[in-house]
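Worksheet: the structure to be examined is printed underneath.
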Amino acid sequence: MSELEYYDVLIVGAGHAGAQAAISLRQRNHGGTIALLGDEPSLPYERPPLSKEYLSGNKPFERILLRPATFWGDRAITLRPGLTVASVDAEAHRVTTATGGVIGYGTLIWATGGAPRRLTCAGHDLMGVHSVRTRADVDRMIAELPSVQRVVVIGGGYIGLEAAAVLTKLGKHVTLVEAQDRVLARVAGEPLTRFYEAEHRAHGVDLRTGVAVSCIEGADGAASAVRLADGELLECQMVIVGIGIVPTVAPLLAAGAAGDNGVLVDGHCRTTLPDVFAIGDCAAHANAFANGATIRLESVQNANDQATTVAKMLTGAPERYHAVPWFWSNQYDLKLQTVGLSTGYDEAVLRGDPAERSFSVIYLKAGRVIALDCVNRVRDYVQGRALVVGSVHADSTSLADPTIDLKTIRAEDEVVLDFKQPRS
C-alpha cells in the first residue's frame, strides 16, 4: 500500500485567501509542510482585474499573478493545481479529490470562494453565455469578442458594471439589465447608484433597471438574444451574467460543519469541525462593522485579513479578526473606493458635487459614521477610514462641507478646523 500523501497544513482554494494563508504562514516562520490545492491549472492570480484590465487587454496574465512561479518553491509551498475536493473526513483528517485521490492533513484551511450564480431560465447554457469568475471564463470571452457587436449584461453589480465599461470602451454596443430599481442597490445608497447609472448611459450603455429576464434565445446552439419579461427581444452575440456567487462549501457542510450561505466561523476563522478553518468569500462570520450580524464579505481585504488571522492562530499568536472592510471598483476614469459597510444606514450625506465627478457619500446610522463611498476622492477615503473605525458620532452639516477635512472631525459632534491645512 502506498504511503498517504500528507501535509501539516492543507489549503483548499488557491485564490487570494488561500495564497495569502500560505504566504502568511511562511512569513510567521511556520515550519511544517504546506500544500496549496486549487481547481484551476494556473498559478495563483488576482481576481479583480479579470473584469477590468485583463478583459480589456491592458494587463497580460503574467502581470496579475499574485507571486512569480519561483516564489512558491523557494518557500517550500507545494502547489497542487487542477484538483477539486469532493469530500472531507474531518475525524480522519483527510480529503478526497474528485479524481479519487486522498490527502491527509493536520490542519485544513478552506478557501474555495464561490461559483457564479447561474441563471435558471431557458437558454442559460447556450454558447456565448458567460460569467466572470476565472481566467478561463474571461479567456473564452476574449476569444469570442472579434465576432461580437452587441452584448447584454445581466446584473447591475460591480462585475456587471465593470464589464459593461470595458466592453463599451472596446466599441461594443452594451445593454445592461438589472432586476432591481437601481444598480448597486444592495451595497450603495441612491446618490451613488444614480451617478453610476448616468455615467454608463453617457458612455453609450443602454442601461435598464426594474427589468426581468424571461429567457435567452439561441441559434445554432449559441445565444442570439435575451427576451425580457415584457416580451421585448434584445439581440446580441454575447451574454454576461453577473448576479452574484454561491459559496463553495458543500463538502464541509456534508462533513458536518455549521453553515448555510457559507460555512460558519468564529473570531479566529475556525469552523465547527476540528482543525478546520475557513476564510474569504465562503466564510460566514460575525462582523463588528455590520453591527455583529453574520455575513460573508466578498473582497480581497477580507480574504487577506482572514488568512492572516489563521496564520497567527497556527503560529501561536492568536488574534481575533477585526478589520474594517474596504473595496474598490474602476469604471471608465472613475475610481470608487469604499470603506465600511453601509447596510442599515439611516442617513446618506453627499459631500462634493457629482457633476464634477469627484464626490463622496457618507453613511450614518443613529448619527454615527458607518461607511463612505468615495469617487475620485482619495483624501476622503483615507481620512474617512478613522471615522468608520471609531464609529464617530458626527454632524452631517460638517461632513457635507468639502472645505472641512474629514480628519478634523472628532467624536461627540466636535469639529476642529485646522486652517493651516489646504482645502480640497
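A few remarks follow.
- When each of 272, 294 is tested for being closer than 25 Å to residue 247 by Cβ, in contact (Cβ under 8 Å) with a residue 24 or more places away in the chain, of a type in the set (Ser, Thr, Tyr) and open to solvent by 50 Å² or more (accessible area, probe 1.4 Å), the lone residue that passes is 294.
- Residues of region 68-101 that turn out to be touching a Pro at 6+ places or on another chain (Cβ under 7 Å) and without any contact (Cβ under 8 Å) to a residue 60 or more places away in the chain, as a count: 1
- Any hit, region 239-246, residues being in contact with a helix residue (DSSP H, G or I) (Cβ under 9 Å, 6 or more places away or on another chain), touching a residue at least 60 places away in the same chain (Cβ under 8 Å), over 30 Å from residue 314 (Cα atoms) and part of a strand (DSSP E or B): yes
- Residue check for residue 153: buried (at least 19 other Cβ atoms within 10 Å of the Cβ) and over 27 Å from residue 363 (Cα atoms): yes
- Of all residues in region 54-109, those satisfying the criterion of being aromatic (Phe, Trp, Tyr) and touching a Leu at 6+ places or on another chain (Cβ under 7 Å) are 72, 105.
- Enumeration of residues in region 356-403 that are touching a Ser or Thr at 6+ places or on another chain (Cβ under 6 Å) and either open to solvent by 40 Å² or more (accessible area, probe 1.4 Å) or part of a strand (DSSP E or B) (or both): 363, 368, 371, 372, 373, 374, 376, 379
- Complete set of residues in region 23-47 that are open to solvent by 60 Å² or more (accessible area, probe 1.4 Å) and over 18 Å from the mean Cα position of the chain (by Cα): 27, 28, 29, 31, 33, 39, 41
- The listed residues are 153, 138, and the only one of them that is closer than 27 Å to residue 204 by Cα, of a type outside the set (S, T, N, Q), assigned to a strand (DSSP E or B) and modelled with pLDDT of 95 or more turns out to be 153.
- Residue match in region 175-186 (condition: of a type in the set (Ser, Thr, Tyr), in a helix (DSSP H, G or I) and either under 21 Å from residue 49 (Cα atoms) or out of contact with any helix residue (DSSP H, G or I) (no Cβ under 6 Å at 6 or more places or on another chain) (or both)): no
- Residue list for region 169-199, filter: open to solvent by less than 30 Å² (accessible area, probe 1.4 Å) and either touching a residue at least 60 places away in the same chain (Cβ under 8 Å) or more than 27 Å from residue 338 (Cα to Cα) (or both): 175, 188, 189, 192, 195, 196, 199
One line per residue, one yes/no per condition, for (1) surrounded by 20 or more Cβ atoms within 10 Å (Cβ to Cβ); (2) closer than 19 Å to residue 102 by Cβ:
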position	(1), (2)
13	yes, yes
18	yes, no
21	yes, no
65	no, no
75	no, no
81	no, yes
85	yes, yes
89	no, yes
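- Contact annotation: residue pairs with Cβ atoms under 6 Å, 6 or more positions apart or on different chains, pairing a residue in region 330-344 that is among the basic types (Lys, Arg) with a partner that is open to solvent by 20 Å² or more (accessible area, probe 1.4 Å), are 335/376.
- Total residues in region 268-296, condition touching a Pro at 6+ places or on another chain (Cβ under 9 Å) and in a loop (DSSP other than H, G, I, E, B): 3
The values are calculated or read from the model by the stated rules, or taken from the named source; none is laboratory data. Keep in mind that what you see is a predicted model, and the values were worked out from it rather than measured. When we count neighbours, we look across all protein chains shown, and the Cβ atoms used for this are built from the backbone with ideal geometry, even at glycine. All accessible areas refer to the heavy atoms of the entire protein, side chains included, with ligands and DNA or RNA removed. Shrake-Rupley method; radii C 1.70, N 1.55, O 1.52, S 1.80 Å.
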